[in-house]
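Novice: Submitted below is the structure of interest, expressed as structure tokens.
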2 protein chains.
Amino acid sequence: MKLRLIAVACSAALLAVAPALADDTTLRDQAKGAGLAALPFGAGKVENNPLIHEKIDLGAMLFFDPRLSASGLISCNTCHNLGTGGDDNLPTSVGHGWQKGPRNAPTVLNAVYNKAQFWDGRAADLKAQAKGPIQAGVEMANQPEAVVKTLKSMPEYVERFHRSFPGEPDPVTFDNVAKAVEAFEATLVTPSAPFDTWLEGDDAALSDEQKQGLALFIGKGCTACHSGVNVGGQAYFPFGLIKKPGADILPPGDKGRFAVTKTASDEYVFRAAPLRNIALTAPYFHSGQVWDLQQAVAIMSTAQLGSEMSAQDTGLIATFLTALTGQQPQVPYPILPVETKDTPKPRF
Amino acid sequence: MKLRLIAVACSAALLAVAPALADDTTLRDQAKGAGLAALPFGAGKVENNPLIHEKIDLGAMLFFDPRLSASGLISCNTCHNLGTGGDDNLPTSVGHGWQKGPRNAPTVLNAVYNKAQFWDGRAADLKAQAKGPIQAGVEMANQPEAVVKTLKSMPEYVERFHRSFPGEPDPVTFDNVAKAVEAFEATLVTPSAPFDTWLEGDDAALSDEQKQGLALFIGKGCTACHSGVNVGGQAYFPFGLIKKPGADILPPGDKGRFAVTKTASDEYVFRAAPLRNIALTAPYFHSGQVWDLQQAVAIMSTAQLGSEMSAQDTGLIATFLTALTGQQPQVPYPILPVETKDTPKPRF
């Protein structure tokens, strides 16, 4: 009893100069208790789409192939650039005809661990997601039939679809394009972030400031929305739960998940952003209007928690968030099949 | 004498059913005599720019980094896509603001072996070339100062420039950006094309049709312009030397090298296209208006040689040209440094 009182007194003394720092074991238990989890090695799981090497390789080719777009200029990688954190570092993406998309491109990295895809969760999984941008007029502006015609015009692609979907008599389909892309994307995971290494027992993997930031991240309630393997991406919440941010950050015209469910309570509801590699994917929020991670934390604090956090606290949380940057996927740039006379010409 | 007459008679008899096919040794001597040469393994030579691994790796990063453009969207690889033969498969490239460029993007593959760069040879070498598109308003639309500011804002880039240009106190310069890109591009060579393997003694590396096509390529005079290691790219010639092609293929507004030299005799003069990997880089000519290789051969025949070649002959030459497709460079897709608060924001 006496010892415990001394410990509390010591903690209180420390508290005066910096946020309380629990020992690593306690903090680790708190993190796990709050639903945070290490990212597994290897590809994530996908449903109704067996992962085989041939299909993953085909998906990599499709992911990088600009001929999936009407113009022949825009690939999945244009907006989900694997060299820059799996996104494009733009407020909102630029697509066909230099049109600007309505929302910030989410990272493809670890997207396999999201509950659903897109900011409003309108795609149940990666294979459903993959079909969207290919067809969106402001993105790749193509049609499924044209995509299939393009792929069927190149014998190497046809052969690779046969090997990727063995037993299917006519495997070059838009559905299988999406499945191959999903298979590749399931491999785009970033394990061994400092946070993961620490979570698995290496006390030295996080700095003291990062541990203080983690303690705040849990203690202030951030983990209520940002938890699970992907530190978010698991459920939907109103943006501005307590206080709506300004119209620059939350444009009134974009009602989020309401467009999907047509339910009044889903107005301005979005999927909580997954925070892995967040230090690589500025600018932030669906509107892409905030470039600074600490500022993004401050906005979240006011909007979602209803508290003005001190600059010290937002700084510590932002520092913790940098510990979510994992090992980026190493991908050989694929050599693509050559067009033939039957390949549809670029349209732009 | 008698034997020789018999040989001539036999050749004449063969000639009646198909173009004369010399034995491999003779044809090989003819090819070498006409200035054709095998592509060496390894990086090409560049001047005043020592090749070191650090610089080549830095150049690869810069080549793939869209933040060298004003918009943050367009990289060297956008128009010189290493997955599709080192070009973009478009008639003319699309750049900043979806503007269309004036000429077809030449392939970056083996460009180190060209006498000079661009269709009009206005850049003496690859490092001079690299500075053009970054600044061109219709391409990457950036300024040297902004490029340097962008790169200096990212500590990893600064460190890599120091390692790439050891001894320089302030190595992050626009000149060194160009040198690093040149160093990487010098490695983008495609050896071991079937033609190279044949030229080095493997009779089986070319089909009979390809050998017939090669014999025609030499015999009809194509090698007068398309010779050397790069099967072209060595000198300048008027497009339409004998007969001007139509305005769709040779737009009157683009006077070619005349814009560089201001010499009347350079009107409609262009660098002879290097023909390696030509089967991968449709559409053809500086105007990018011809999608079919055999048709391109037919146009060349009429315009440059003044003869209407038979469909059989143009077909055989086109078949030979497919033997110039070499092993494409295998490049790991580079993971790029992350922006900081000092990185200029994308402008678009």
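Novice: Which distances in nm, rounded to one decimal and ordered from shortest, link the label point of B:P169 to the equivalent label points in the other identical copies, with labels set 7 Å from Cα toward Cβ?
Specialist: 7.6
Novice: Taking the Cα centre as origin and putting +1 on Lys and Arg beta-carbons and -1 on Asp and Glu beta-carbons, what dipole magnitude results for chain A, to the nearest 20 debye? Before the final figure, lay out the partial values.
Specialist: Values: 30 positive and 35 negative charges, 147 e Å.
Here the size comes out at about 700 debye.
Novice: Could you work out how far the C-alpha centroid of the range A:330-348 sits from that of the range B:40-115, in angstrom?
Specialist: Between the Cα centres of the range A:330-348 and the range B:40-115 lies a distance of 17 Å.
Novice: Size of the dipole of the range A:53-186 about the Cα centre, Lys and Arg at +1 and Asp and Glu at -1 on the beta carbon, nothing else charged, in debye to 20?
Specialist: 240
Novice: Moving on. Which residues of the range B:310-348 end up with at least 50 Å² less accessible area in the presence of all protein chains than when their chain stands alone, using a 1.4 Å probe?
Specialist: B:Y333, B:I335, B:V338, B:E339, B:K345, B:F348
Novice: Still on this structure, please answer the following. Tilt of helix A:126-135 relative to the longest C-alpha principal axis of chain A, in degrees (0 to 90, nearest 10)?
Specialist: 60
Novice: Could I ask something else about it? Between B:D203 and B:Q312, take the C-beta separation as r, use R0 = 22 Å, and let me know the FRET efficiency to the nearest 0.05.
Specialist: 0.45
Novice: In nm to one decimal, list the spacings between the B:P332 label point and its equivalents in the other copies, with label points set 7 Å along Cα to Cβ, shortest first.
Specialist: Inter-copy label distances (nm, one decimal, shortest first): 1.3.
Novice: Within the protein assembly as shown, what whole-number % of the accessible surface is contributed by carbon and sulfur, with the 1.4 Å probe and all protein chains included in the calculation?
Specialist: Accessible surface attributable to carbon and sulfur in the protein assembly as shown totals 57 percent.
Novice: Total accessible area buried between chains B and A, 1.4 Å probe, in Å² to the nearest 100?
Specialist: Roughly 3300 Å² of accessible surface disappears when B and A pair.
Novice: I'd like the orientation of helix A:53-64 relative to chain A: the angle between its Cα long axis and the longest Cα principal axis, in ° from 0 to 90, rounded to 10.
Specialist: So the helix axis and the longest Cα principal axis differ by about 90 degrees.
Novice: Another question, then. Would you work out which of A:H226, A:A204, A:F237 lies farthest towards the positive end of the dipole of the range A:154-239, given +1 charges on the beta-carbon of Lys and Arg and -1 on that of Asp and Glu, about the Cα centre?
Specialist: Value computed over the given set: A:F237.
Novice: Identify, among B:P329, B:I249, B:L21, the residue whose Cα sits farthest towards the positive end of the charge dipole of chain B, taking +1 on the Cβ of Lys and Arg and -1 on the Cβ of Asp and Glu, with the dipole about the Cα centre.
Specialist: The residue sitting farthest along the positive end of the dipole is B:I249.
Novice: Across peptide A:93-105, how many C-beta atoms of other chains are within 10 Å of each residue C-beta, on average?
Specialist: Mean shielding count: 2.
Novice: How far is B:H53 from itself in the other copies, in nm, if each label sits 7 Å out from Cα along the Cα-Cβ line, shortest first?
Specialist: 2.6
Novice: Mind pulling the angle between the C-alpha long axis of helix A:311-322 and the longest principal axis of chain A? Nearest 10 degrees, somewhere in 0 to 90.
Specialist: 40
Novice: Right, here's the next one. Let me know the number of lysine pairs in the range A:53-186 closer than 18 Å at the Cα, not counting same-chain pairs under 8 apart.
Specialist: Going through the range A:53-186 pair by pair, I get 13.
Novice: Right, here's the next one. Provide Rg over Rh for chain B; use the alpha carbon set for both Rg and the Kirkwood Rh (inverse mean inverse pair distance). Don't skip to the answer; put the middle values down first.
Specialist: Numbers: Rg = 22.2 Å, Rh = 21.6 Å.
My calculation puts Rg/Rh at 1.03.
Novice: Per residue of A:85-92, how many C-beta atoms from partner chains lie within 10 Å of its own C-beta, taken as a mean?
Specialist: Mean inter-chain Cβ contacts per residue within 10 Å come to 4.
Novice: Per residue, how large is the accessible surface of chain B? Use a 1.4 angstrom probe and give square angstrom. Show your work: numbers first, answer last.
Specialist: Details: 14390 Å² over 348 residues.
Dividing the accessible area of chain B by its residue count gives 41 Å².
Novice: Which residues belonging to the range B:258-298 lose at least 20 Å² of 1.4 Å-probe accessible area when the assembly is complete, relative to their chain isolated?
Specialist: Those are B:L280, B:W291, which lose 20 Å² or more relative to the chain on its own.
Novice: Net charge near B:I242, counting Lys/Arg +1 and Asp/Glu -1 over other residues with Cβ under 14 Å of its Cβ?
Specialist: It works out to a net charge of +2.
Novice: Among A:G35, B:Q304, B:A130, which residue has its Cα furthest toward the positive end of the charge dipole of the protein assembly as shown, with +1 on Lys/Arg Cβ and -1 on Asp/Glu Cβ?
Specialist: B:Q304
Novice: Arrange the peptides A:265-275, B:166-176, A:336-346 so that the one whose residues have, on average, the most other Cβ atoms within 10 Å appears first.
Specialist: In descending order of packing, they fall as A:265-275, A:336-346, B:166-176.
The values are calculated or read from the model by the stated rules, or taken from the named source; none is laboratory data. All values reported here derive from a predicted model rather than from experimental measurement. Note: ideal-geometry Cβ built from the backbone for every residue, glycine included; neighbour counts use all protein chains shown. Ligands, DNA and RNA are excluded from the accessible area calculation, which covers all protein heavy atoms including side chains. Shrake-Rupley method; radii C 1.70, N 1.55, O 1.52, S 1.80 Å.
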